[in-house]
1. Given the condition open to solvent by 70 Å² or more (accessible area, probe 1.4 Å) and more than 30 Å from TRP36 (Cα to Cα), answer yes or no: does some residue in the stretch 67-74 qualify?
2. Report, by residue number, each residue of the stretch 102-117 that is more than 24 Å from the chain's Cα centre (by Cα) and part of a loop (DSSP other than H, G, I, E, B).
3. Restricting attention to the stretch 8-17, and to residues there that are part of a loop (DSSP other than H, G, I, E, B) and modelled with pLDDT of 95 or more, which single residue is surrounded by the fewest Cβ atoms within 10 Å (Cβ to Cβ)?
4. Taking the stretch 102-122 as the search range and keeping residues that are loosely packed, with under 12 Cβ neighbours inside 10 Å and not polar (S, T, N, Q), which one is nearest to ARG22 (Cα to Cα)?
5. What number of residues within the stretch 54-64 satisfy the criterion of being open to solvent by less than 20 Å² (accessible area, probe 1.4 Å) and not β-branched (Val, Ile, Thr)?
6. Pull out all pairs, ordered by first then second residue, where Cβ-Cβ is under 9 Å, the residues are six or more apart or on different chains, the first lies in the stretch 94-117 and is free of Cβ contacts under 8 Å to residues at least 24 places away in the same chain, and the second is among the basic types (Lys, Arg).
7. Evaluate the following for ASP89: is it assigned to a strand (DSSP E or B) and closer than 30 Å to PRO139 by Cα?
8. Output the number of residues of the stretch 75-86 satisfying the condition of being open to solvent by less than 40 Å² (accessible area, probe 1.4 Å) and not in a strand (DSSP E or B).
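The values are calculated or read from the model by the stated rules, or taken from the named source; none is laboratory data. All values derive from a computational prediction rather than experimental measurement. As a convention, Cβ positions derive from the backbone with ideal geometry for all residues, glycine included, and neighbour counts pool all protein chains shown. Remember, those area values only see protein heavy atoms, side chains included, never the ligands or the DNA or RNA. Shrake-Rupley method; radii C 1.70, N 1.55, O 1.52, S 1.80 Å.
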Amino acid sequence: MTITTGSIAPTLTGPHDICSRRPATLTAGGGDSYQWMENGNVIGTNPSITVSPEANTTYTVVISAGNGCIMTLTHDITVHDSYQTDISDEICLGKPYGRNGFNLGSQNEVGTFSYSRTIQSSLGCDSTINLSLTVQPSPNANLGPNTTHCFDEDGEFVLTVPDGDCDSYI
């Protein structure tokens, strides 16, 4: 009678952290057959699988060797969100815009314009900032009808400027 003993040296590799909506490849080794599972459901039988979880997920692989040995390994993947931020802002005609991560030169056309900027986190996850920038026309200062009198009775200069959204008029 011959008694054969065996062992299995399983391996399981793949990322533990991924960005949302990005795929990850998990690879098992050391066996002859593989059965991958997610939440108790079989999702593959090859040594490698590509997954795109939408939330943190644990994957299980059952590795079988020809000598009858079976080993079960698990692999946790943490999903990191990507973000989108929408911003609306206003400036006056001819002014540069340098806020909210944007560095735009002088804006020389009146209207509303859209800009987008992508920033990566330390994990490489993209976050997008969308800017809706309204460029206002420069206001017209109305000093009233021409007059030779520009000072009030206390000798103070009087200037009336209509309400507006811009920070300077002269």
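1. no
2. First, pick out the residues of the stretch 102-117 that are more than 24 Å from the chain's Cα centre (by Cα): 105-111.
Selection gives GLY105, SER106, GLN107, ASN108, GLU109, VAL110.
3. So the residue we want is HIS16.
4. GLY105
5. 1
6. The qualifying pairs are SER106/LYS95.
7. Values: assigned to a strand (DSSP E or B): yes; closer than 30 Å to PRO139 by Cα: yes.
Yes: the conditions hold for ASP89.
8. The first filter runs over the stretch 75-86 and keeps only residues open to solvent by less than 40 Å² (accessible area, probe 1.4 Å), leaving 75, 77, 79, 82.
Now drop any that are not not in a strand (DSSP E or B), which leaves 82.
Residues meeting the conditions: 1.
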